[in-house]
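In what follows, a single structure is set out as structure tokens and then discussed.
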Amino acid sequence: MIPPAFDYVRPHTVEEAVRALADGGEDAKVLAGGQSLLPLMRLRMAFPQLLVDTGRIPGLRGSRMEGDTLVVGAMTTHHGVLHDALVRRHAGLLAAATATVADPAVRHRGTLGGSLAHADPAADLPAVILALEGELVAVGPRGRRTIPAREFFTDYLETALAPDELLVEVRLPSTDGWGFHYEKFQRVAQAYAIVGVAALVRRDNGSIAEARVGLTNMGSTPLRAPAAEEALAGAGDAAAVKRAAGEAAEGTRPSRDTSASPEYRAHLARVLTGRAVLAAAGMG
Amino acid sequence: MTEGAVEAEVGRARLRKEDARLLTGQTNWTDNIQAAGMLHLAILRSPMAHARLERVDVSPARELPGVVAAFTGSDLAEGMGSLPCAWPVTEDMVHPDHPPLAVDEVRHAGDPVAVVVARDRYAAADALEAVEVEYEPLPAVLDLEAALAEDAPLVHADKGTNRCYDWPLRAGEDYAAVRERAEVVLKRRYHQQRLIANAMEPRAVVVTPLAASGEYTVYSATQIPHILRVMLAMVTGIPEHKLRVVAPDVGGGFGSKLQVYGEEAIALAVARRLGRPVKWTESRSEGYLATHHGRGMIQDVEIAADRDGRLRGLKVDLLADMGAYLMLVTPGVPILGAFMYPAIYKMDSYEFRCTGVFTTRTPTDAYRGAGRPEATYAIERIMDELAAELGMDPVELRRRNWIRHEEFPYDSIAGLTYDSGNYEAATDKALALFGYDELREEQRKRDERGDTVRLGIGVSTYTEMCGLAPSRVLRDLRYAAGGWEAASIRMLPTGKVEVVTGTSPHGQGHVTSWSQIAADVLGVPFEDVEVVHGDTRAAPQGMDTYGSRSLVVGGAAVHHAARKVVDKARKVAAHLLEASERDLEFTGGVFSVKGSPEARKTIQEVAFEAFTSHDLPDGMEPTINAGHVLDPENFSYPHGTHLCAVEVDTETGMTRIRSYVCVDDVGRVVNPMIVEGQVHGGLAQGIAQALYEEAVYDDDGNLLSGTMADYLVPSAVDLPDFVTDRTETPAESNPLGVKGVGEAGTIASTPAVVGAVVDALRPLGVTDVPMPCTPERVWRAIHGEEDPA
């Protein structure tokens, strides 16, 4: 568990950080909380030559409202997210899922932006941001740009971020008034989810008017379950929800590991989608 | 309180003397040890399960900054013996060579290939990447049955076979005849998955040489400093009296540090060559490959009974995975279990056979319980199967077959003499605490209404053999050493007490418990006792800590030694009080003359007199010291009844433990808090085997569960609140009446949990779920191997 040698810088502004990343090229990595990156380095599975620690850059933590949009700083820790009143009101799903991330020690160090930029499909937050239809704001040498979550996660541990771009904030349209639930299925509390389902539900007259379903660990990226979402629209009782949830694994390509096979993951996605949506809709 | 009516220390839930240090980080782990000029070792390990080493070139590593030396297996081979196996279980056991550093072949992923020595551990780790190795792949040997086939590829080609040994045991009537007559015969196959002990502290070793005098101090995170000293002397040729072995603070072992490891021999060899202190500390993922594994067996079990439930016979056929090499007690682990398959039950016939098999995986060896959990699992599971076959309640089936309390001492069919026990009392208490009848009623109701979350109830009425071990029994089992334990006690001039023990605690709290034992006998305050251990210079004799032996053998030795101290102190006191020894009373640490209570001497006063030696009886040696080396007469036999209720979600396959009750009979209890801690930890570990942990290999022999992300160790939040209670039937074989508690929870809980899972699913046609009962395995068991609709 000894990492290879690396250089380390701790810039004080976003501009300095971007310059350091640009100078470092492909061998530079952002250290945003280190809860995924450092273990990979210690296992000698990642070999960055430069770590750019963004932990001391002011203005990258905390939340604010811009109209109906909640803006959360990328360096907000999971603990910070969990206890943020704005997050709880406008993105309750994010708070609920964040509460299931690892353990308190990790939640005090790990950050929202770090988790999203790491883009592990088995991590809880990427699928949540997909379901929340968030946008990710990056700053690079070519300026600032906004990337929709559905275009952000490109492959296993890959994102639309260029190596010299820094994720600075996450913009989430308010889902105040929506029902939400994160259903995480794991063998022990500290393990990755075998499958996780993030459900958001807007109800109208007792029926589901609109449902969004994000899937954790059902492919090389976090996924939505469009077929299930479509089938859920209009569902008015538990039986209809469960029926619709049967579509949840459509189009997914889950992996095999020591905890589960692809076909079992597909089965879980269907069962857990039903449970998550019922809980989100208050029908459970 | 009147004089003499001192509250007994034994039986008190004393806070542990060790904990203030442990909890405030003022510990002395091996990895914390620093020495001037110390060098750091890093070990290159085979990435392949089986390969010929065509070329190992360490010279590029030697060129790197900070690197002091690098060695291949051939470089260190001179003067280096094979790592020891102390338990050749049969005369013709196949015993392959086991070099600490591979010389021409690697036989499991993680087999060490080269060692790099550098000024810091970073340089050492970096230099590993510069070592050049050419591997010529050889076939992996993984399947225990296939490994025994005529034309199977061989782990050790020079041995001509993968069969390590066959070890049979037959007792009672001829099994075939008993089977013929029996009304019911059931056969089942169970798999004991490989487990990896996750001691909180990884392994580490530091060696400091005194080159001028040829002396070496070996600090190691080991359970066995005394055995290690003997064995390292034999492996390296360094004379035993020039070796000092220290087990500093050691953070858990669970059997994994009951070993003589290659890294210990390598560190000693390197320190000897370079004349400099060296340190090696394993990382967790390195330990998963290089620290011995536990379990790893296929059990074919057959039970023969009458329709009324009476057991007639038991037949057990084991295939035991030795892994690539025989380590300290590798072959003996399944043999320890051989005596425990009949458990607490009476029967007419017992037949056992174990075949040890070499594979290209990390060697197996002792893991908490070592053979006994495997035995208990198999018998308790097949008792459940028999109960189901007969339509009988599983507790009732056990009741019909167990040894009744009035039948003790009882000679078990496997040849052990169970000295004491009361299975009725423990079971009745457990059933009441558990609410057995109410849970059975709930189970029936849930079944009727087709609840998708099913309730299951598991029971385990276990016994085990602890207190290893009577030396003559070990001789008969062909074990290479004895099973005694040593203790000595020094009364210091100020009346304080030093207890020196040959046990080597690594979390068990011996300092506390031994203080309680000595304080009671000597009549001194608990706080006035210090316990010295874990250093062959300070505690020169001992057989160390494993197999729930320490209290039963080592604690009893402390008791005997303390009695000898009192005997001598009585002589001194009688002399000082001018009374006859016969007229002296000794209570609460005070000698007084019967009938004249004002004539008194405290044991502290006596100790001081013995120190000055100004006025001792003629011919008496000064000071009061006493030692005792105890060879136990018998094993001890803890027992108990564990009950587990699980809820199984049939839609997902997830198992949740709803309640867990255990009533253990570990004899007299020295410190109830320590006992409860041992039970809790043991339960966690046994439950982990049932539900969570498994060393998983792929078809090429790579360890897939190579980090804690894939090898799932449960934490407190994953476990239920345990309801623990006890009955106390004192052991007859030692003066304390103690039986040992280190392994009971692990031994008992695994079958209780898996039994509960199977009980929940039995109406769906399920008779087994392989361990660990992962959600997917449970789900597949419910649905067969079909994909869900």
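The values are calculated or read from the model by the stated rules, or taken from the named source; none is laboratory data. Please read all numbers here as calculations on a predicted model, not as lab measurements. All Cβ positions, glycine included, derive from the backbone under ideal geometry; neighbour counts span all protein chains shown.
If I filter the stretch B:657-673 for residues that are in a helix (DSSP H, G or I) and either at pLDDT 95 or above or away from chain A (no Cβ under 14 Å) (or both), do I get at least one hit? Before you say what the answer is, go through the steps one by one.
First, the residues of the stretch B:657-673 that are in a helix (DSSP H, G or I): B:672-673.
This time we only want the ones that are either at pLDDT 95 or above or away from chain A (no Cβ under 14 Å) (or both), so: B:672-673.
Yes, the stretch B:657-673 contains at least one residue that is in a helix (DSSP H, G or I) and either at pLDDT 95 or above or away from chain A (no Cβ under 14 Å) (or both).
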Qualifying positions in the stretch B:100-120 - within 14 Å of chain A (Cβ to nearest Cβ) and crowded, with 18+ Cβ neighbours inside 10 Å: B:Val116, B:Ala118
Across the stretch B:758-789, what is the number of residues that are among the hydrophobic types (A, V, I, L, M, F, W, C) and within 14 Å of chain A (Cβ to nearest Cβ)? 7
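Residues that are of a type in the set (D, E, K, R), at least 1 per element: which strands (runs of 3 or more DSSP E) completely within the stretch B:531-631 meet that? Please lay out each step first, then the result.
On the way: elements: B:584-587, B:590-593, B:596-602, B:625-630.
Once the strands (runs of 3 or more DSSP E) in the stretch B:531-631 are filtered for at least 1 residues that are of a type in the set (D, E, K, R), what remains is B:584-587, B:596-602.
Among the residues of the stretch A:250-263, count how many are facing another protein chain (nearest Cβ under 8 Å) and in contact (Cβ under 8 Å) with a residue 24 or more places away in the chain. Please lay out each step first, then the result.
First, the residues of the stretch A:250-263 that are facing another protein chain (nearest Cβ under 8 Å): A:257-261, A:263.
Still in the running and in contact (Cβ under 8 Å) with a residue 24 or more places away in the chain: A:259-260.
Final tally of qualifying residues: 2.
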Using the structure shown, decide if B:Gly547 is modelled with pLDDT under 95 and within 30 Å of B:Pro88 (Cα to Cα). yes
Can you tell me which of A:Val213, A:Val277 is within 18 Å of A:Leu132 (Cβ to Cβ) and either among the hydroxyl-bearing types (Ser, Thr, Tyr) or part of a strand (DSSP E or B) (or both)? A:Val213
If a residue must be aliphatic (A, V, I, L, M) and over 27 Å from B:Tyr288 (Cα atoms), how many such residues does the stretch B:191-221 contain? 3
Confirm whether B:Ile266 is farther than 30 Å from B:Val679 by Cβ and surrounded by 24 or more Cβ atoms within 10 Å (Cβ to Cβ). yes
Residues of the stretch A:268-277 satisfying the condition of being without any contact (Cβ under 8 Å) to a residue 60 or more places away in the chain and among the aliphatic types (A, V, I, L, M): A:Val271
Got at least one residue in the stretch B:277-284 being surrounded by 24 or more Cβ atoms within 10 Å (Cβ to Cβ), assigned by TED's automatic domain parsing to the domain that holds B:Gln689, in contact (Cβ under 8 Å) with a residue 12 or more places away in the chain and of a type outside the set (A, V, I, L, M)? no
Just wondering, is there one or more residues in the stretch A:204-219 that are without any contact (Cβ under 8 Å) to a residue 12 or more places away in the chain and under 15 Å from the mean Cα position of the chain (by Cα)? no
Qualifying residues in the stretch B:372-409 (those that are without any contact (Cβ under 8 Å) to a residue 60 or more places away in the chain and over 27 Å from B:Ile457 (Cβ atoms)) - the one surrounded by the fewest Cβ atoms within 10 Å (Cβ to Cβ): B:Glu406
With the condition kept exactly as written, say whether any residue in the stretch B:723-730 is buried (at least 22 other Cβ atoms within 10 Å of the Cβ) and either within 16 Å of B:Gln192 (Cβ to Cβ) or not hydroxyl-bearing (Ser, Thr, Tyr) (or both). no
Identify, please: which residue in the stretch A:1-40 is among the β-branched types (Val, Ile, Thr) and surrounded by 15 or more Cβ atoms within 10 Å (Cβ to Cβ) and is, among those, farthest from the other protein chains (Cβ to nearest Cβ)? A:Val14
Among the candidates B:Leu712, B:Leu736, single out the residue that is within 14 Å of chain A (Cβ to nearest Cβ) and crowded, with 18+ Cβ neighbours inside 10 Å. B:Leu712
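Here is a yes/no grid of residues against (1) crowded, with 24+ Cβ neighbours inside 10 Å; (2) under 19 Å from B:Leu492 (Cβ atoms):
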| residue | (1), (2) |
| --- | --- |
| B:Tyr546 | yes, no |
| B:Leu551 | yes, no |
| B:Ala556 | yes, no |
| B:Leu577 | no, no |
| B:Asn625 | no, yes |
B:Ala123 passes all but one of the listed conditions (1) over 30 Å from B:Cys164 (Cα atoms); (2) of a type in the set (A, V, I, L, M); (3) within 34 Å of the chain's Cα centre (by Cα); the exception is number (3)
Residue satisfying condition, being of a type in the set (Lys, Arg), part of a strand (DSSP E or B) and on the phi < 0 side of the Ramachandran plot, within set B:Arg353, B:Arg399, B:Arg381: B:Arg353
Options B:Ala20, B:Ala36, B:Ala8, B:Ala61: the member that is surrounded by fewer than 20 Cβ atoms within 10 Å (Cβ to Cβ), part of a helix (DSSP H, G or I) and away from chain A (no Cβ under 14 Å): B:Ala20
